[in-house]
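The values are calculated or read from the model by the stated rules, or taken from the named source; none is laboratory data. Remember, it's a predicted structure, so these values are computed and weren't measured experimentally. Neighbour counts are summed over all protein chains in view; Cβ atoms, including those assigned to glycine, are modelled from backbone coordinates with ideal geometry.
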Number of protein chains: 4
Amino acid sequence: MTSSFGNLFRVHTFGESHGGGVGVIVDGCPPQIPLDVAEIQSELDRRRPGQSILTTPRQEADQVEILSGVFEGRTLGTPVGMLVRNKDARPSAYASFRDVYRPSHADYTYDAKFGIRNWQGGGRASARETIGRVAAGAIARKVLTLYGVGPTIAFVSQVHDIEAKCDPLLVTREQVEATPTRCADSEAAAAMIERIDAARRAGNSVGGVVTCVAHEVPAGLGEPVFDKLEADLAKALMSLPASKGFEIGSGFEGTRMFGSEHNDPFHIVDGRIRTRTNRSGGVQGGISNGEPILLRIAFKPTATIRIEQDTVDVQGHETTLSASGRHDPCVLPRAVPMVEAMVNLVLVDHLLRQRALAPPS
Amino acid sequence: MTSSFGNLFRVHTFGESHGGGVGVIVDGCPPQIPLDVAEIQSELDRRRPGQSILTTPRQEADQVEILSGVFEGRTLGTPVGMLVRNKDARPSAYASFRDVYRPSHADYTYDAKFGIRNWQGGGRASARETIGRVAAGAIARKVLTLYGVGPTIAFVSQVHDIEAKCDPLLVTREQVEATPTRCADSEAAAAMIERIDAARRAGNSVGGVVTCVAHEVPAGLGEPVFDKLEADLAKALMSLPASKGFEIGSGFEGTRMFGSEHNDPFHIVDGRIRTRTNRSGGVQGGISNGEPILLRIAFKPTATIRIEQDTVDVQGHETTLSASGRHDPCVLPRAVPMVEAMVNLVLVDHLLRQRALAPPS
Amino acid sequence: MTSSFGNLFRVHTFGESHGGGVGVIVDGCPPQIPLDVAEIQSELDRRRPGQSILTTPRQEADQVEILSGVFEGRTLGTPVGMLVRNKDARPSAYASFRDVYRPSHADYTYDAKFGIRNWQGGGRASARETIGRVAAGAIARKVLTLYGVGPTIAFVSQVHDIEAKCDPLLVTREQVEATPTRCADSEAAAAMIERIDAARRAGNSVGGVVTCVAHEVPAGLGEPVFDKLEADLAKALMSLPASKGFEIGSGFEGTRMFGSEHNDPFHIVDGRIRTRTNRSGGVQGGISNGEPILLRIAFKPTATIRIEQDTVDVQGHETTLSASGRHDPCVLPRAVPMVEAMVNLVLVDHLLRQRALAPPS
Amino acid sequence: MTSSFGNLFRVHTFGESHGGGVGVIVDGCPPQIPLDVAEIQSELDRRRPGQSILTTPRQEADQVEILSGVFEGRTLGTPVGMLVRNKDARPSAYASFRDVYRPSHADYTYDAKFGIRNWQGGGRASARETIGRVAAGAIARKVLTLYGVGPTIAFVSQVHDIEAKCDPLLVTREQVEATPTRCADSEAAAAMIERIDAARRAGNSVGGVVTCVAHEVPAGLGEPVFDKLEADLAKALMSLPASKGFEIGSGFEGTRMFGSEHNDPFHIVDGRIRTRTNRSGGVQGGISNGEPILLRIAFKPTATIRIEQDTVDVQGHETTLSASGRHDPCVLPRAVPMVEAMVNLVLVDHLLRQRALAPPS
């Protein structure tokens, strides 16, 4: 119940959106993993705002520094500390949030919980906190690849009511990065850009859905009861800012099927046990079955908008709020690397556990 | 990554569906909590199969014994051990599952993970494992009530494509218990009964959705980053057998709204800060805001059906399987107390943490 | 901060000395480990009181039942639940402790902490709680042996001011079990028996020291910082009832040496790096170096004696107490299997972690 | 099994002696605690080498920066990140350690465990790692004081065979800081200085004992079984570099007493239950009893000496090593703030837990 995630591959994040900086400690990374700061930086660049007109214009260089745990290009097996300095601090831009609670933002709940709040930005509720997650996820990815786990590929599959039409299993990283929306369906991507830009001009915001596939995950990851693979994935993804829903495999749609339609028949392919369909989403009984893991995550429209809203101030008086200046009309494109990072963190943690507790050979 | 759940109010379950018994240790329950075994038994009775024709005919008395941690009707502050003996062991009923993997069940993944499996039933994947959860949840409920947290009320809101029409916030425990489907809308309940019974007669199964409301949760529960209240709830509920999806507040539907529609405006009611709408589902920035917490959980149709299915055997040959004997056509009604238990376990854990880390007064 | 121990090989104990029973869940045991209930029972028999006149005459059959996690003689990889029923409940024997605090016992501190106490015996402070530890330790031993880690052998090296004269590295299990004192030096053992019996007759008690050697521990177990192997061993052993001190290797005596005397020179033996001396006690920088691990644990004289003592009652009045009936004049012989169990639990936990996080090969 | 310590008040350290820096995240500090960077710096200054001729001449400015978690002089309730840059990096001074293992140092065990090692200094085994602990301990102390827990005062009670003669309960911080040895007995302090300086000139090193008293600890802290207060203290202190032994209260000496001599009689003082003696060291049954907590920790002589020693190189050849340049002849004076920090971290963690799980009032 902390700013920590994972059991063997442990991640501890710190930092507010304003103050000295944000960062992460990755504790429990195996030793001798080749690691270059540029590999981490490139993931942070994907997460960074200001990549296109679609996202918040906040300019964050987000240069990461590795403080420890790496020596001559390989991990030491000791904690990898990483730091990104805060640069773009403009407290004045947030002055109005000191006294007035933004609707559906964390301002009020932070005050209710802590009785104190860094009003100069979103504090820990800022999307900026995810820098540490993405940096840690990049290391997780290195380990996964070294141990033979395939790529994790997420993309924006829905913005507002515009849905992408593409087979998630066939989406490539190149397709995802080809558009600023990170939607693999180029036709839908164009419509999404229009919708997001319209929201931006109106001072409004839109939400959507990110779909994610983890390829080539070995059978046997996940625990039978509380730490089912899908349970840990759900926690990981529901811990991302603005997420409101999670599905694996058939999800809510599958509730409308009969068992005889929903069950995934086993068959043999190249001598290996596979399923004909994948309504299970790659997990059965909490444990991976070797099929691709298929997830969907719902993100609500960004809370901070420029349109005037009814709200209250910290003294408990009703008032209105029109956020001035910049706003982020759609978090979806930037959520893609966040989703991938969280999935990779879950996978690597279960992979290491399985190495520890695998049947003796 | 274990059979444990929670940080301060910790729950450890054990037991396969066949063998000596199933049970739970509740560690971290405050001392001096009045506790009667009958209160735990009554929750177990709600979870028990064989309550109506709608559920599995397996006869389980499920009498719970408190082994420790309670003295003269009050908790000692030490671990509360609870045990339910297995009675209805009929290995022969499961003999066909020793060599053939049930589609979409955990048979195959257990073998892939552990290289060994108790084929005399579902092992840890059996719904029987949830006995420990429900028993622990009953204790959590006692603590919550003592500390002023209101009731948690779940109900079956959808079976197959039949949806209940009722306001979740107004549903009462009495309404829920009035029908064997645990659906508060009596008209929908009748249709659900028919649908479940048809599936049963056909040797098939159906899934559905459980909706849950946690009433009178104080503002301030939940942590800003990984242990957001919704993240812990998602993990808790996605760890239930057969769950495939989770939503809080507006969930997936909310992704189709503009921010200006989705945000919950604050206003003042009786001197207290409230929201006009509750699309946030009672949580903002991972922390409860004092509004009711509103959840939906998708359950797939039960995997074990009597209809013949394609599958493989443990030697890797393709074959077919027709499960003989009893089967559970719909897990939804029994899932209701499981959902409530998991929600209560999450709430009590965060409540205790907030007592530890609340601002000094 | 619970009744749990370990990270990967996790142990959860429950039970008071009076009530339904005491037991343990072992969660995180690898699958397919051969396990017979008789192997666990034989360790419990070593721990059991009433084995000789030297120990408490309390008659406890302590028959263990495996409730889960074992199937056809092998572990399933799921939680192993074990239960020992309480049989010898005689609340009347403890009636005087309801109102009067035994000096140096846990009666007062339990009341201070919990505001409630099971006065019918020692509650969780009873040596009876260690049943769960010893049962879990027996499973840990099975895993360690399977993975090539040598035996852990503890013995009583001091009772009151009588010290054994024998080389701890050469002590065998047979020597230890040859006398009721579990002292490998037969001459000292005879003197110890006399001393303990004299204390018993006088209604008094004596303490002493247990020495323990873990043989054939591979180099590389233990973590650099907080979870140093010696730190986890210290915690494990200082968690045993009545322990007051812990040493590894040279311990307190080593503080009187110069660095040039204390350092263990490396040399090569049979192509392997060894140390000439072992003042480090098998651990350097928190990590095992492949030499035997050498520990000493101080146990105070048992608190419950029959001699009249000054004390206070629960109402806060000064009074005196003469415990009637049985008492245990010396816990040392029974502490031997407890010490071995705790050491084995620490070793297996670090061994599994090292399997998870070893350098990729 | 990580670089983390504590359950509610959690501390995560990172950093090698060489590389970007060392630091710590403190997660779980209550909000609104007044905190000034100067308070942390002053504790770091006590820990810093180069304070006198007695310690290593390594010049480390050790200026701490608070990166997060503090706003306008008060804690936010979010993780407090702290960083100290490494300044004095001189890899050449360590070049000889790249290929040759220092006896009784962690060089060999790190290679055995990780297969890689930052040979430019001690890596995580360096005393420099304790910077994070001392910084975190300073925050723990702030919380403890705010919640009414008295000071924790440690001092050097033995160097080599020179023992201080003073009552630990009466030692003040001023006395401790009055001499560079941090020994409260000025006569013994003078002899210690001479001994340490002689060792330094000879290129040798000496060990000793630190005694620590935690004053005004409320009754009720600590858990009955594995997380006994003395067990957590033992782990905390045995995790400090070079520690080889731990005692609480009567320790090893108490093993030579009869129960009738050792038990601490209760009596009433000013209406409060106290003990006449304190052989328990302030803890009974794992739980504090309101008396001062009294500890002793043994530190071996520093491993790195300038005298020539037999050893082996990384290729497995026997050789000799004479460490050139600076060495630290005695770690004891600097260990004093480390010991206090670790004790404070244990106390605050148990204090917060007791707030969470105290009996309902």
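Descriptive notes on the structure:
- The set of residues in the stretch C:64-89 being under 23 Å from the mean Cα position of the chain (by Cα) and at pLDDT 95 or above consists of C:Val64, C:Glu65, C:Ile66, C:Pro79, C:Val80, C:Gly81, C:Met82, C:Leu83, C:Val84, C:Arg85.
- Taken together, A:Arg128, A:Arg133, A:Arg182 contain a single residue that is closer than 29 Å to A:Val64 by Cβ, modelled with pLDDT under 95 and either touching a Phe, Trp or Tyr at 6+ places or on another chain (Cβ under 9 Å) or buried (at least 23 other Cβ atoms within 10 Å of the Cβ) (or both), which is A:Arg128.
- Screening the stretch A:168-179 for residues that are touching a residue at least 24 places away in the same chain (Cβ under 8 Å) and more than 22 Å from A:Asp45 (Cα to Cα) and picking the one that is surrounded by the fewest Cβ atoms within 10 Å (Cβ to Cβ) gives A:Leu169.
- Taking the stretch C:286-301 as the range and being touching a Phe, Trp or Tyr at 6+ places or on another chain (Cβ under 8 Å) and either surrounded by fewer than 18 Cβ atoms within 10 Å (Cβ to Cβ) or at the interface with chain D (Cβ under 7 Å from one of its Cβ atoms) (or both) as the test, the residues that pass are C:Ile287, C:Asn289, C:Ala298, C:Pro301.
- Test: residue in the stretch A:245-267 that is buried (at least 24 other Cβ atoms within 10 Å of the Cβ), more than 30 Å from A:Gly122 (Cα to Cα) and more than 7 Å from chain B (Cβ to nearest Cβ): no
- Flag for B:Ala335 being at negative phi, within 15 Å of the chain's Cα centre (by Cα) and more than 10 Å from chain A (Cβ to nearest Cβ): yes
- Considering each residue of the stretch B:219-229 in turn, none proves to be among the hydrophobic types (A, V, I, L, M, F, W, C), assigned to a helix (DSSP H, G or I) and without any contact (Cβ under 8 Å) to a residue 40 or more places away in the chain.
- Checked against (1) surrounded by fewer than 21 Cβ atoms within 10 Å (Cβ to Cβ); (2) farther than 27 Å from B:Met342 by Cα; (3) in contact with a strand residue (DSSP E or B) (Cβ under 7 Å, 6 or more places away or on another chain), B:Ala199 passes all but condition (1).
- Applying the condition of being in a helix (DSSP H, G or I) and in contact (Cβ under 8 Å) with a residue 12 or more places away in the chain to the stretch B:32-41 and asking which residue is farthest from the chain's Cα centre (by Cα) yields B:Val37.
- Residue match in the stretch C:207-226 (condition: of a type in the set (Gly, Ala, Ser), more than 30 Å from A:Cys29 (Cβ to Cβ) and touching a Ser or Thr at 6+ places or on another chain (Cβ under 8 Å)): yes
- The residues of the stretch A:302-316 that are over 21 Å from A:His160 (Cβ atoms), at the interface with chain B (Cβ under 7 Å from one of its Cβ atoms) and of a type outside the set (Ser, Thr, Tyr), listed by number, are A:Asp310, A:Val312, A:Gly316.
- Among the residues of the stretch D:270-285, those identified as more than 7 Å from chain C (Cβ to nearest Cβ) and either surrounded by 18 or more Cβ atoms within 10 Å (Cβ to Cβ) or under 29 Å from D:Asp349 (Cβ atoms) (or both) are D:Arg272, D:Arg274, D:Thr275, D:Thr277, D:Asn278, D:Arg279, D:Gly281, D:Gly282, D:Val283.
- Which numbered condition A:Pro360 misses (of (1) under 30 Å from B:Phe114 (Cβ atoms); (2) touching a residue at least 60 places away in the same chain (Cβ under 8 Å)): (2)
- Answer residue from the stretch B:1-29, given it is among the β-branched types (Val, Ile, Thr) and more than 8 Å from chain C (Cβ to nearest Cβ) and is farthest from B:Gly121 (Cα to Cα) among those: B:Val26
- When D:Val210, D:Val225 are checked against the criterion of being more than 7 Å from chain C (Cβ to nearest Cβ) and either modelled with pLDDT of 95 or more or buried (at least 24 other Cβ atoms within 10 Å of the Cβ) (or both), a single residue qualifies: D:Val210.
- Hey, B:Ser288 touching a Lys or Arg at 6+ places or on another chain (Cβ under 7 Å) and among the small types (Gly, Ala, Ser) or not: no
- Any chance C:Gly203 is at the interface with chain D (Cβ under 8 Å from one of its Cβ atoms) and under 23 Å from C:His327 (Cα atoms): no
- Residue check: C:Glu216 meets all listed conditions (1) more than 7 Å from every other protein chain (Cβ to nearest Cβ); (2) surrounded by 18 or more Cβ atoms within 10 Å (Cβ to Cβ); (3) part of a loop (DSSP other than H, G, I, E, B); (4) at pLDDT 95 or above but one, namely (2).
- Matching residues in the stretch B:90-113 - criterion: being under 16 Å from A:Pro224 (Cα atoms), surrounded by 24 or more Cβ atoms within 10 Å (Cβ to Cβ) and either more than 25 Å from the chain's Cα centre (by Cα) or not polar (S, T, N, Q) (or both): B:Ala106, B:Asp107, B:Tyr108, B:Tyr110, B:Lys113
- Scan the stretch D:230-244 for residues that are part of a helix (DSSP H, G or I) and either among the acidic types (Asp, Glu) or surrounded by fewer than 24 Cβ atoms within 10 Å (Cβ to Cβ) (or both) and the total you get is 2.
- Checked against the criteria, D:Glu194 counts as under 26 Å from D:His105 (Cα atoms), surrounded by fewer than 22 Cβ atoms within 10 Å (Cβ to Cβ) and out of contact with any Lys or Arg (no Cβ under 6 Å at 6 or more places or on another chain).
- Candidate set from the stretch B:1-31 (those that are closer than 17 Å to B:Pro79 by Cα and polar (S, T, N, Q)); member that is farthest from the chain's Cα centre (by Cα): B:Asn7
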